[in-house]
Amino acid sequence: MKVKLLTTISFFTYQFSISQTEKLLHGKVISNNNPINKVEVINKTAKTSTRTNELGDFSIMVKEKDSLLFFVKDYFFTRLKISQANMDQNNIIVNMVVKAEELNEVVVTNIKFPHVGTANADSNVNPSSSLQKYTGVNDGTIVNGMNFIAIGGFIADLFKKENEAPKKKVPEINFKKLVAASIPSSFLPQI
């Protein structure tokens with residue numbers, strides 16, 4: 001009985017001591033106050049890794065004195081030595097620095113373009129009605145689409161009568177005069 005009790009107590013003590021040394025550390029990776037997505041977070045000591053999400057958040061198991069590496073393309077990699085203060089804080093913020101892009105050669109030339117005015121009816125320049133060809137912005141028009149308003153105008157022109165004489169204006173007639181002229185006076189009662 002004493003052996004079983006001693007074994008159980010030593011097992012729980014061992015588990016408790018291991019759980020105290022290794023802890024899940026949460027953190028956020030930013031650059032210029034903007035979160036960075038898909039940063040590789042590597043625990044070099046424990047040989048484990050994870051990646052940040054869209055908000056720059058990550059979680060990784062660490063122990064005190066572990067070494068974390070933060071790596072992503074276009075940024076300088078960052079090393080962080082985990083201390084007890086980091087583990088107690090449990091929400092570290094890692095700031096990464098953007099790599100400057102190195103150029104081998106820069107060529108500056110002066111090109112003078114002729115002045116281009118607006119297109120007239122006489123010119124051979126046809127301005128494009130669509131912006132998508134030049135800017136990549138879709139303005140909602142359908143390229144080579146049907147113009148239903150123009151088609152409706154052509155159909156309406158088919159039904160118009162050509163060379164139709166304008167209608168004569170009918171003169172206004174007074175109702176009392178019309179009745180007196182068209183109905184005999186013997187028909188109407190005398191008042």
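The values are calculated or read from the model by the stated rules, or taken from the named source; none is laboratory data. Because the structure is a prediction, the values reported are computed rather than measured. Methodologically, a virtual Cβ is constructed for each residue, glycine included, from the backbone with ideal geometry; neighbour enumeration extends over all protein chains shown. Quick note on the areas: whole protein, heavy atoms, side chains included, nothing else; ligands and nucleic acids left out. Shrake-Rupley method; radii C 1.70, N 1.55, O 1.52, S 1.80 Å.
Looking across region 53-83, the residues that are without any contact (Cβ under 8 Å) to a residue 24 or more places away in the chain and not in a strand (DSSP E or B) come down to Asn53, Glu54, Lys65, Asp66, Lys73, Phe76, Phe77, Ser83.
Residue-wise test of (1) among the charged types (D, E, K, R); (2) open to solvent by 100 Å² or more (accessible area, probe 1.4 Å); (3) at pLDDT 80 or above.
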residue: Asp139; (1), (2), (3): yes, no, no
residue: Phe148; (1), (2), (3): no, yes, yes
residue: Ala165; (1), (2), (3): no, no, no
residue: Gln190; (1), (2), (3): no, yes, no
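Across region 41-64, which residue is farthest from the chain's Cα centre (by Cα) among those that are open to solvent by 40 Å² or more (accessible area, probe 1.4 Å) and of a type in the set (A, V, I, L, M, F, W, C)? Restricting to residues being open to solvent by 40 Å² or more (accessible area, probe 1.4 Å) and of a type in the set (A, V, I, L, M, F, W, C), the top hit is Ala46. Among the residues here, Asp88 does not qualify as within 15 Å of Leu24 (Cα to Cα) and surrounded by 14 or more Cβ atoms within 10 Å (Cβ to Cβ). Remark: Asp74 falls outside the filter, which requires a residue to be loosely packed, with under 15 Cβ neighbours inside 10 Å, at pLDDT 90 or above and over 12 Å from Lys23 (Cβ atoms).
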